1. Starting from segment 64-91, take each residue that is farther than 14 Å from Asn6 by Cα and list its partners that are surrounded by fewer than 14 Cβ atoms within 10 Å (Cβ to Cβ), counting only C-beta distances under 6 angstrom and pairs at least six apart or across chains.
2. Which of the residues spanning segment 20-69 are at pLDDT below 85 and surrounded by 10 or more Cβ atoms within 10 Å (Cβ to Cβ)?
3. Looking for something loosely packed, with under 12 Cβ neighbours inside 10 Å and modelled with pLDDT of 95 or more - is there at least one such residue anywhere in segment 89-103?
4. Which of the residues belonging to segment 1-19 are of a type in the set (Asp, Glu) and at pLDDT below 90?
5. Out of (1) modelled with pLDDT of 95 or more; (2) surrounded by 17 or more Cβ atoms within 10 Å (Cβ to Cβ); (3) β-branched (Val, Ile, Thr), the odd one out for Val85 is which?
6. I'd like the full set of residues that are part of a loop (DSSP other than H, G, I, E, B) and under 17 Å from Tyr11 (Cα atoms), limited to segment 47-87.
7. Among the candidates Thr75, Thr69, Thr64, single out the residue that is touching a helix residue (DSSP H, G or I) at 6+ places or on another chain (Cβ under 9 Å) and not hydrophobic (A, V, I, L, M, F, W, C).
8. Whether any residue in segment 25-37 is of a type in the set (Phe, Trp, Tyr) and either touching a Pro at 6+ places or on another chain (Cβ under 7 Å) or assigned to a strand (DSSP E or B) (or both) is what I want to check.
Amino acid sequence: MAWTLNGTRIYVQDSKSDGSQIIPRLQPLNGGTILQFFGYEDYIRQLSAIIVGDVDRDALLSLTYSGATSVSLVTPEGTEGDFFVKKVSYTRIPNSCQTLRTDLAEDAPMYNVNVELYADI
């Protein structure tokens, strides 16, 4: 099974995840540090990937203005869940012949893409 984001094929090179709590620290004048817990931030996933073709690039970019619609992330291990697409950035890879997608032309453009996803919890 391949990596896909909302059905668009991506070739993931790097995958990072993080989560955090909101913990302000108070420093009273005569005492130790006081920690206050105000909940947590939703799970954030960052993907670096290669995509082939302008159609796939435009499909990923369109996810940044889909409003409150979540999308599915599928990995070789199965469905990772639903996410909101926060940000998509891309740079074109200089290439003379692509061989990742045999269904597309050999001279199809290739892009390095960075995607930031927020978990739909």
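1. Pro76/Met1
2. Within segment 20-69, Tyr40, Glu41, Asp42, Ser66 qualify.
3. Scanning segment 89-103, I find at least one residue that is loosely packed, with under 12 Cβ neighbours inside 10 Å and modelled with pLDDT of 95 or more, so the answer is yes.
4. Selection gives Asp18 alone.
5. Among (1) modelled with pLDDT of 95 or more; (2) surrounded by 17 or more Cβ atoms within 10 Å (Cβ to Cβ); (3) β-branched (Val, Ile, Thr), Val85 violates only (1).
6. Looking only at segment 47-87, we keep the residues that are part of a loop (DSSP other than H, G, I, E, B), and these are 53, 66-70, 76-77.
Within segment 47-87, Gly53, Pro76, Glu77 meet the criteria.
7. Thr69
8. no
The values are calculated or read from the model by the stated rules, or taken from the named source; none is laboratory data. These numbers were taken from a predicted model, which means no experiment stands behind them. A quick note on method: Cβ atoms are made from the backbone with ideal geometry, for glycine too, and the neighbour counts reach across all protein chains shown.
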